[in-house]
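Only one structure is covered here, and it is reproduced in the block below.
The values are calculated or read from the model by the stated rules, or taken from the named source; none is laboratory data. Not measured: the values here are computed from a predicted model. We place every Cβ from the backbone using ideal geometry, glycine too, and count neighbours over all the protein chains shown. Ligands, DNA and RNA are stripped out before the accessible areas are found, and what is left, the full protein with its side chains, is counted by its heavy atoms. Shrake-Rupley method; radii C 1.70, N 1.55, O 1.52, S 1.80 Å.
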Amino acid sequence: MDIDWSNLGFAYMKTPYRFIARYKDGKWDAGELSTEENVIINESACVLQYSQNVFEGMKAYTAEDGRIVIFRPDLNADRMTASCKRMCMPVFPKERFLDAVRSVVLANKEYVPPFGTNASLYLRPYMFGSDPVLGVKPATEYEFRIFASPVGPYFKGESRPLNLRICDMDRAAPKGTGGVKAGLNYAMSLFAIDEAHRLGYDENLYLDPAGRNFIEETGGANIFFVTKDKRIITPKSDSILPSITRRSMLAVASEYLGIKVEERRIAVDELDDFDEAGLCGTAAVISPVGSITYGDKIIKLPSGLKKSGEITQKLYDTLTGIQMGRIEAPAGWIYMVD
Ligand code: PLP
Ligand code: COI
């Protein structure tokens, strides 16, 4: 196989096998691995007309000892359960979710990037309403699928601090679906990300949709800040996605690095007070933020535009060290595939 692992971007690459299970008459079938990457569904499928879909994202890595591992996939299964319930979709049972993830990785084993390449096999479980509806109501038939694609860093030149802009549109609504991983949240963000990229920004930073006074998250990752007295704070809100990377990073900060962490509402006015900022997520890993533009004002983080802030770098090194097996993980965090 001729893949330049160290130079992969974050883009779809077809791999030989994907998992497919179908839900009909109130139950899931046995599911199977398939070599067919195209989906054939009715023109009036609920997903096509009313966006009834949810998804997850996780990564399989080759660890330092050569074994293939996945980071906390049980939490992705739990979050997908929450997403399905919010979107009126049937739950795919957790044990079956984990078995299916494992079978997709094993079937596409030669696409798991080697250790040390800064690449991984991205796994995309997703579910959608597949039978026709015309009146607005949930589907009665569903497909649960998982495909795999080798990926490199989400942001080009991962170690360069990112330039964010505070977006004047919302990606979620108060009491909407921002707290679950529904495709419609991302559809909401497409206009804004296209505009942000055209204006030279890496990502949009969203404010709370109710009052537009508090920091929420970016289009594809949670955000955290480092205060001048070296604490980590991260926004608390019902309309942001409960990031598994963020929850893990906060545990790593307090238990491995002895750093105080706090989850609370963060007002936009506080942005001038921080020393460092970073994004965290499966695709984003931990990416430093260099500047945040809010209207005419550019807030430059003191850690600068050239390299990661010191604490952000420590968080990155420790978390990826745990993921790659260089640092001992807390019990239950690493799921062995082979
Ligand atoms: N927030 C949004 C909107 C996301 O799409 C993601 C990516 O999954 C995250 C946060 C980070 O979540 P996680 O760390 O579980 O990947
Ligand atoms: C992930 O980090 O897995 C996501 O789903 C985010 C997406 C923007 C790629």
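How many percent of DSSP beta bridges within the chain run antiparallel, rounded to 5? Mind dumping the intermediate values first?
On the way: 54 of 65 bridges.
Looking only at bridges with both residues in the chain, the antiparallel portion is about 85 percent.
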- Message: Explain nothing, just the number: relative contact order of region 85-148, from Cα pairs under 8 Å at least 6 residues apart, as a whole percent.
- Response: 34 percent
- Lys/Arg Cβ at +1, Asp/Glu Cβ at -1, dipole of the chain taken about the Cα centre: which of Leu190, Thr81, Asn118 is farthest positive-ward? Thr81
- Message: So for each of 8-17, 34-43 I average, over its residues, the number of other beta carbons within 10 Å; can you give me the resulting order with the highest mean first?
- Response: 8-17, 34-43
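Let me spell out the model: positive unit charges on the Cβ of Lys and Arg, negative unit charges on the Cβ of Asp and Glu, origin at the Cα centre of the chain. What dipole size does that give, in debye rounded to 20? Could you put the intermediate results ahead of the total?
Working: 41 positive and 45 negative charges, 69 e Å.
The calculation lands at about 340 debye.
Which number do you get for Rg(Cα) / (2.2 N^0.38 Å) in region 162-324? The partial results should precede the final answer.
Details: Rg = 14.7 Å, N = 163, 2.2 N^0.38 = 15.2 Å.
Taking N as the residue count of region 162-324, the ratio is 0.97.
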- Query: In the structure displayed, which of Lys181/Lys306; Lys175/Lys297; Lys109/Lys156; Lys236/Lys260; Lys228/Lys314; Lys14/Lys181 lie more than 21 Å apart, Cα to Cα?
  - Reply: Lys181/Lys306; Lys175/Lys297; Lys109/Lys156; Lys14/Lys181
- Item | Whole-percent pair-distance distribution, where bins are 10 Å wide, for the alpha carbons of the chain | 5, 25, 33, 26, 10, 1
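With runs of 4+ DSSP H residues as the only contributors, calculate the mean residue ellipticity of the chain at 222 nm using -39,500 (n - 2.57) per run, divided by the residue total and rounded to the nearest 500. Numbers along the way, then the final one.
Values: 6 runs with 75 residues, N = 338.
That calculation yields -7000 deg cm²/dmol at 222 nm.
For the peptides 106-114, 212-220, what is the packing order when you average, over each peptide's residues, the other Cβ atoms within 10 Å and list the highest mean first?
On the way: 106-114: 17.4, 212-220: 20.4.
Put in order of decreasing packing, that is 212-220, 106-114.
Return the carbon/sulfur percentage of the accessible area of the chain, one whole number, probe 1.4 Å, all protein chains in place.
On the way: 7840 of 15300 Å².
It is 51 percent, rounded to a whole number.
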- Could you give the dipole magnitude of region 162-324 about its Cα centre, charging the beta-carbon of Lys and Arg +1 and that of Asp and Glu -1, in debye to the nearest 20? 260 debye
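Applying 1/(1 + (r/R0)^6) with R0 = 22 Å to the Cβ-Cβ distance of Ile298 and Leu199, what FRET efficiency is obtained, to the nearest 0.05?
On the way: r = 13 Å, r/R0 = 0.57.
Given R0 = 22 Å and the Cβ-Cβ separation, E is 0.95.
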- region 113-129 and region 324-338: distance between their alpha carbon centers, rounded to Å: 17 Å
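Hull surface divided by four, with the convex hull built on the Cα atoms of region 5-151: how many nm²?
Averaging across all directions leaves 8.8 nm² for the Cα convex hull.
Under the definition of Cα pairs under 8 Å and six or more residues apart, what whole-number percent is the relative contact order of region 162-324? Walk me through the numbers before you get to the answer.
Numbers: 325 pairs, mean separation 37.7, N = 163.
Across region 162-324, relative contact order equals 23 percent.
Could you provide, to the nearest whole Å², the per residue accessible area of region 123-280 with probe 1.4 Å? Don't jump to the answer; show the numbers that get you there.
Details: 6430 Å² over 158 residues.
For region 123-280, the per-residue accessible area is 41 Å².
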